[in-house]
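Report on the following structure.
The values are calculated or read from the model by the stated rules, or taken from the named source; none is laboratory data. Given the structure is predicted, the values throughout are model-derived calculations rather than measurements. Using ideal geometry, Cβ is built from the backbone for each residue, glycine included, and neighbour counts are taken over all protein chains shown. SASA here: full protein model, heavy atoms, side chains in, ligands and nucleic acids out. Shrake-Rupley method; radii C 1.70, N 1.55, O 1.52, S 1.80 Å.
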Amino acid sequence: MTRPARFDVLFEPVRIGPVTAKNRFFQVPHCNGMGRGFPSSMAAMRGVKAEGGWGVVVTEQCDVHHSGNHQRELRLWDEKDIPYLARATDSIHRHGALAGIELAHNGFHVGNLESRTIPIAPSLRPTRGILPVTARAMDKDDIRAVRRWHRTAAINAQRAGFDIIYVYAGHDMTLPVHFLSRRHNHRTDEYGGSLENRARLLRELVEDAKEAVGDTCAVAIRFGVDELMGPRGLSSQDEGRDVVEMLAELPDLWDVNLSNFDNDGQTARFSDEGFQAEYVKFVKSVTTKPVVGVGRFTSPDTMVSMIRSGTLDLIGAARPSIADPFLPRKIEEGRFDDLRECIGCNICVAGDKASVPMRCTQNPTMGEEWRRGWHPEYIPPKDTDDKIFVIGGGPAGLEAARALGQRGYEVLLADRGRELGGRVTLESRLPGLGTWARVRDWRLTQLKRMRNVQLLPDNDITADMVLEAECSLVAVATGATWRGDGMGRYHSEPIPGLAHGAGAVPVFTPDDIMAGRLPTGRVVLFDDDHYYMGGVIAERLAERGCEVTFVTPESLVSSFTQFTAEQKRVQRRVMEACATVVPTTTLTRVESGTAHLSCTYTGRETTVATDAVVLVTGMVPRDELYTDLRGRGEAALAAAGIRRVVRVGDCLGPGIIAAAVHSGHLFARTLDTGITDETPFRRENVELDWDQPLPHASGGGARAAR
Ligand code: ADP
Ligand code: SF4
């Protein structure tokens, strides 16, 4: 396949100071939950991106010193940290990409829980978040020290093989941007007051890095040009622009975006592809240096328009490169149908926030490159003669069938629905979740090309049909249903009064709403699930005219969305959509038009008159087919030629879409989903400093007086 000539512009080399990127595809820094804790995983993941054609691959943020200690990210405190970082540069260089590193000092953004060093800031203030830690105001010695640490880290980064050294002044997270900010900087010396003074540290850090390594490495600034907080923050109409004008020609590259991360990393529920362009487009008009920016770019035409319109020189991507590490190669080869587009769900971000290697809804191999040896594009050919029956065409069944088909297996994929896609087809019709359908669409496109996979929609499969199918392996991917009894996290018994019948308050679940069965009038929605479903169902009910009382035992609406960096936006939207939001409260019983509520702290009872109740509390596996098959006994299965029956995806364990996709992929690779005695993947074993003795009781020194 060849690509149309209009995409050639994306494959032009771009000079960045003393180095040259082979094309315009630029994987900007992104956190991943691997960092210093899982360095082999990080190196392998970055290497796969380079293999996939990204011209530049940059690491996540990297502490230059223990006084700005972000324990789940990278670390380059001194030369002892060079070897593990060199592993990453090696794996990136192997495929002809430039390697970048995002040097950072996190200032008051961190509490230094690991290092126990008192955090530092331009001016005295509590550290970010809720830790009982106060950052002290830096004196001139501290500023000189920060410059020294940053310069040393730049030199060590060069020794580790990096080609681009970032000075990170973005996301309201690091010292140079803390100094820039009028909110955080109340100094009266030459580092405070005027913008020129507040920008002094950023200027110095860039100058220091250029002086130290600028002969061979490019020096980049990563800067959030707009904080979306009007006059209280940096704005692209005001000081955000002034900073770029002031330092226009100083760095070799401008990496520009929105700040803070919740604004930069907006989910598809709240923003569309290219949403940052209007804020960053001025940058190219005030500098001759190359400019990279982001906006969940997955459409090659949008990428070209960003270049042609003079908005960007380099197409920056974090999430699109996670969902499809081979995106540049596929565009280069004109394989547009193969592009696996990010759905903008931020489950990847949730991995980082939980300090575990990130996962991706679209790309089940993400985070598994090193530890399980999974590659996003290649998979071992089949090594058995099995013919495999996959029942259920949701994300788990689709991914299982697709990956099995790629391995060369003969596969039947059946679903009782006329339309494949299971939950993603249904959920993608809910407010803000349209991109969820990409999980189905990419897989269906791949499957339709496979001659060894037969798609059987509109087929309600029974155990007898499975026994007659002449398949040796059976994967039951029949999904899960939302429960209607109110049980979940809070209630371990059904909520009283939910029985159906004449006079009873009608009860609905997300399955009803998605099937188009909606209540009318006043509705109490009880959300004990805490991810997106409660919020989007509330939106749907409100847009259809219901008066919704949103009740949740948590103190925040859709509490888990804190992990996906969208909770504040979700809360605002739900508060705007609903008549009332009642946090820290549970639904205790329902009777004759009244919902009884109880405060989860005090037990204080209140009542709400209601015409209907919607329960978003938990799911139960739809596993009747599995149970029926296993109930036939080993002998009957063997007589039908079946050697194994497994559950896959939500039928095995109801959860997020990413887990269902991963489960389907795991089955395709291993032909099983059962728990075995073997360790499932390689572990990162920490190199121990054996030359350092352990302290022991008789180690000398002064004893406490008795
Ligand atoms: P997962 O997230 O695990 O993929 P989904 O709920 O999205 O689960 O998909 C399960 C699919 O299985 C649904 O489309 C459902 O209609 C289908 N299904 C459930 N039971 C049967 C059955 N007995 N025969 C065929 N399809 C079934
Ligand atoms: Fe995109 Fe979601 Fe994958 Fe993150 S987890 S890269 S947002 S599809």
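Structural remarks
- Only one of the numbered conditions (1) within 16 Å of ligand 1 (Cβ to nearest atom); (2) within 30 Å of Val590 (Cβ to Cβ) is violated by Leu455, and that is (2).
- Qualifying residue in the stretch 469-478 (condition: over 30 Å from the mean Cα position of the chain (by Cα), of a type in the set (A, V, I, L, M) and more than 23 Å from Arg402 (Cβ to Cβ)): no
- Note on the stretch 633-653: among residues that are within 12 Å of ligand 1 (Cβ to nearest atom) and within 18 Å of Asp415 (Cα to Cα), the one that is surrounded by the fewest Cβ atoms within 10 Å (Cβ to Cβ) is Leu652.
Listed here are the residues, each with its yes/no results for (1) outside the structural domain of Leu666 (by TED's automatic domain parsing); (2) under 27 Å from Glu227 (Cβ atoms); (3) more than 16 Å from ligand 1 (Cβ to nearest atom).
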{"residue": "Gln266", "(1), (2), (3)": "yes, yes, yes"}
{"residue": "Thr288", "(1), (2), (3)": "yes, yes, yes"}
{"residue": "Ile315", "(1), (2), (3)": "yes, yes, yes"}
{"residue": "Ala318", "(1), (2), (3)": "yes, yes, yes"}
{"residue": "Pro325", "(1), (2), (3)": "yes, no, yes"}
{"residue": "Ile343", "(1), (2), (3)": "yes, yes, no"}
{"residue": "Gln362", "(1), (2), (3)": "yes, no, no"}
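- Selection within the stretch 426-468 - over 23 Å from Ser299 (Cβ atoms) and free of Cβ contacts under 8 Å to residues at least 12 places away in the same chain: Arg451, Asp464, Met465
- Matching residues, the stretch 382-426, being buried (at least 19 other Cβ atoms within 10 Å of the Cβ), touching a helix residue (DSSP H, G or I) at 6+ places or on another chain (Cβ under 6 Å) and of a type in the set (D, E, K, R): Glu399, Arg402
- Which numbered condition Ile130 misses (of (1) among the hydrophobic types (A, V, I, L, M, F, W, C); (2) open to solvent by 70 Å² or more (accessible area, probe 1.4 Å); (3) touching a Phe, Trp or Tyr at 6+ places or on another chain (Cβ under 6 Å)): (3)
- Verdict on Arg589 being more than 16 Å from ligand 1 (Cβ to nearest atom) and touching a Pro at 6+ places or on another chain (Cβ under 7 Å): yes
- Within the stretch 109-126, residues that are farther than 18 Å from Glu73 by Cβ and at pLDDT 95 or above reach partners that are open to solvent by less than 40 Å² (accessible area, probe 1.4 Å) and among the charged types (D, E, K, R) with beta carbons closer than 8 Å, at six or more positions or on different chains, in the pairs Pro122/Arg187; Ser123/Arg187.
- Neighbours by Cβ (under 9 Å, 6+ apart or cross-chain): first from the stretch 361-381, touching a residue at least 40 places away in the same chain (Cβ under 8 Å) and small (Gly, Ala, Ser); second within 16 Å of ligand 1 (Cβ to nearest atom) and assigned to a loop (DSSP other than H, G, I, E, B): Gly367/Arg359; Gly367/Cys360
- Residues located in the stretch 111-156, provided they are in contact with a Gly (Cβ under 8 Å, 6 or more places away or on another chain) and closer than 11 Å to Leu175 by Cβ: Pro119, Ile120, Ala121, Pro122, Ala135
- Leading residue by the ranking (nearest to ligand 1 (Cβ to nearest atom)) among those in the stretch 371-395 that are more than 30 Å from Ala43 (Cβ to Cβ) and outside any loop (DSSP other than H, G, I, E, B): Ile391
- In the stretch 317-367, the residue that is farthest from ligand 2 (Cβ to nearest atom) out of those that are among the β-branched types (Val, Ile, Thr) and not in a helix (DSSP H, G or I) is Val356.
- Considering the stretch 409-507, there are no qualifying strands (runs of 3 or more DSSP E) wholly inside with 1 or more residues that are within 16 Å of ligand 2 (Cβ to nearest atom) and in contact with a Cys (Cβ under 6 Å, 6 or more places away or on another chain).
- Under the condition of being in contact with a Cys (Cβ under 7 Å, 6 or more places away or on another chain) and within 19 Å of Val280 (Cβ to Cβ), the residues counted in the stretch 301-342 number 2.
- Residue under evaluation Asp529, criteria (1) within 26 Å of Thr425 (Cα to Cα); (2) among the charged types (D, E, K, R); (3) assigned to a helix (DSSP H, G or I), criterion not met: (3)
- Qualifying residue in the stretch 623-638 (condition: outside any loop (DSSP other than H, G, I, E, B), within 16 Å of ligand 2 (Cβ to nearest atom) and of a type outside the set (Phe, Trp, Tyr)): no
- Matching option when the condition is outside the structural domain of Phe550 (by TED's automatic domain parsing), open to solvent by 60 Å² or more (accessible area, probe 1.4 Å) and in contact with a helix residue (DSSP H, G or I) (Cβ under 8 Å, 6 or more places away or on another chain), among Arg451, Arg429, Arg440: Arg429
Here's the yes/no breakdown for (1) open to solvent by 30 Å² or more (accessible area, probe 1.4 Å); (2) more than 29 Å from Lys210 (Cα to Cα):
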position	(1), (2)
Ser259	no, no
Asn263	no, yes
Gln266	no, yes
Arg269	no, yes
Asp272	yes, yes
Ala277	no, no
Val280	no, no
Thr287	no, no
Pro300	no, yes
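- Against the list (1) part of a helix (DSSP H, G or I); (2) open to solvent by less than 10 Å² (accessible area, probe 1.4 Å); (3) in contact with a Leu (Cβ under 9 Å, 6 or more places away or on another chain), the condition Cys62 fails is (1).
- Check on Ala354, of a type outside the set (S, T, N, Q), more than 22 Å from Val9 (Cβ to Cβ), more than 16 Å from ligand 1 (Cβ to nearest atom) and surrounded by fewer than 24 Cβ atoms within 10 Å (Cβ to Cβ): yes
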